[in-house]
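**Q** Input: one structure, supplied below.
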């Protein structure tokens, strides 16, 4: 039986219903927050893409790019649970300022080193690790801070729009980074991330502290670090959704490796093609974000269906015989990516109590992005061993299989709950 939230000190998700006319965009702080969320996500993902492309240039190996992807996201698996407690205990605005300052310094340092022509793969790998550790703290902080920005009344639409823009930045960042790399090289992308980071610091500073809705800090201690695990373990449907995100991260979020390999080895259009592929994916992501907002909160069946279609769209893209058809399918991949990620993240946040939301998101995000790290290694290895198309067919098929298995488990758990309710 799940623990009683009242006894455990955890709050149930908000049930307050705002007036029909009310929307979080009417709030000054929320508009600033959306701006910094989109800009920050765009800048960080631009830097990630530039790091991946620089590794490919220096090493000539897709497998080495897979290592770079892994190093960017594996730190989340290590420090994620502790980062969640940091988010729940310390002032979130201060955490964001510190993390963003580190991101700016990384951008400036990489831009200068890459421009000097003396940078090595080992240096880029070290930057990947530093960015991964910073993101492990920064990303759950941003996800949870939205509650303090808008309060309970507007939480549902605020979380949905926040997740949509965050994921949109994750798709648009590589697209913009690809354009910059094509015209000015990786140092320009690193420098652009530093400039964007300074803008984000200004937006954080412009948030009006007196209008925030601060939450009660969680207690400190080793037991509190494990509270997020217990909370999720006692809620199997929540656990299955988080697991599905991790599996889709592993088998679907492999764009930097796959798109770079398609540009180099299949269509032979180099960095220009790489930028085009990321741009089209980002446009599809924008359409997916708008579709997710239009549909509102999707149920678990809809989320599983979106996950399955995500895997299917990758599989179809892998076998497209012409460049035009391949690019068209990338737009579909972008749509399904945002539809799944936005809906899943919204449900996970809303089902977690405010007092423990940071620790729950610090499990969800590491699994999603840690899966992304594993997926980068898997995609790189499959590409090296069996070719680009075969690698994407395999990962797309595994994504579809993951959605099917999780869908069956959710159905089985629902049946058990119905039987238990009838017997009671």
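**Q** Which residue, of 104, 79, is surrounded by fewer than 24 Cβ atoms within 10 Å (Cβ to Cβ), in a helix (DSSP H, G or I) and without any contact (Cβ under 8 Å) to a residue 60 or more places away in the chain?
**A** So the residue among 104, 79 that is surrounded by fewer than 24 Cβ atoms within 10 Å (Cβ to Cβ), in a helix (DSSP H, G or I) and without any contact (Cβ under 8 Å) to a residue 60 or more places away in the chain is 79.
**Q** Still on this structure: Taking residue 56, is it more than 17 Å from residue 181 (Cα to Cα) and surrounded by fewer than 24 Cβ atoms within 10 Å (Cβ to Cβ)?
**A** Judged against the criteria, residue 56 is not a match.
**Q** Continuing with this model, one more query. Being within 19 Å of the chain's Cα centre (by Cα), at pLDDT 85 or above, surrounded by 17 or more Cβ atoms within 10 Å (Cβ to Cβ) and within 30 Å of residue 336 (Cα to Cα) is true for just one of 278, 193. Which residue is that?
**A** From the options 278, 193, the qualifying one is 193.
**Q** What number of residues within the stretch 402-412 are loosely packed, with under 15 Cβ neighbours inside 10 Å and in contact with a helix residue (DSSP H, G or I) (Cβ under 8 Å, 6 or more places away or on another chain)?
**A** 1
**Q** Could you say which residue among 114, 70 is over 20 Å from the mean Cα position of the chain (by Cα) and crowded, with 19+ Cβ neighbours inside 10 Å?
**A** The match here is 114.
**Q** Another question, if that's okay. With under 24 Å from residue 273 (Cα atoms), part of a helix (DSSP H, G or I) and at pLDDT 90 or above as the only criterion, which of 43, 66, 35 stands out?
**A** Answer to the selection: 43.
**Q** Scan (1) without any contact (Cβ under 8 Å) to a residue 40 or more places away in the chain; (2) part of a helix (DSSP H, G or I); (3) surrounded by fewer than 20 Cβ atoms within 10 Å (Cβ to Cβ) for the single condition residue 306 breaks and write down its number.
**A** Only one criterion in (1) without any contact (Cβ under 8 Å) to a residue 40 or more places away in the chain; (2) part of a helix (DSSP H, G or I); (3) surrounded by fewer than 20 Cβ atoms within 10 Å (Cβ to Cβ) is unmet by residue 306, namely (3).
**Q** Looking only at the stretch 281-303, how many residues end up being over 29 Å from residue 179 (Cβ atoms) and buried (at least 24 other Cβ atoms within 10 Å of the Cβ)?
**A** Qualifying residue count, the stretch 281-303: 1.
**Q** Moving to a separate point now. If I go through the stretch 82-99 residue by residue, how many of them are surrounded by fewer than 18 Cβ atoms within 10 Å (Cβ to Cβ) and within 19 Å of the chain's Cα centre (by Cα)?
**A** Total satisfying the criteria: 1.
**Q** Next up: Would you mind finding the one in 423, 349, 418 that is modelled with pLDDT under 80 and either more than 28 Å from residue 236 (Cα to Cα) or surrounded by fewer than 24 Cβ atoms within 10 Å (Cβ to Cβ) (or both)?
**A** Selected residue: 423, the only one of 423, 349, 418 that is modelled with pLDDT under 80 and either more than 28 Å from residue 236 (Cα to Cα) or surrounded by fewer than 24 Cβ atoms within 10 Å (Cβ to Cβ) (or both).
**Q** Can you name the condition, by its number, that residue 363 falls short on among (1) at pLDDT below 85; (2) under 27 Å from residue 183 (Cβ atoms); (3) crowded, with 20+ Cβ neighbours inside 10 Å?
**A** Here residue 363 clears every test but (2).
**Q** When you scan the stretch 352-367, do you find a residue that is farther than 25 Å from residue 64 by Cα, out of contact with any strand residue (DSSP E or B) (no Cβ under 9 Å at 6 or more places or on another chain) and without any contact (Cβ under 8 Å) to a residue 60 or more places away in the chain, even just one?
**A** no
**Q** Further, regarding this structure: Do we have any residue at all in the stretch 114-132 that's part of a helix (DSSP H, G or I) and closer than 17 Å to residue 364 by Cβ?
**A** yes
The values are calculated or read from the model by the stated rules, or taken from the named source; none is laboratory data. Worth saying up front: this structure is predicted, and the values here are computed from it rather than measured. No Cβ is skipped: glycine too gets one built from the backbone with ideal geometry, and neighbour counts run over all protein chains shown.
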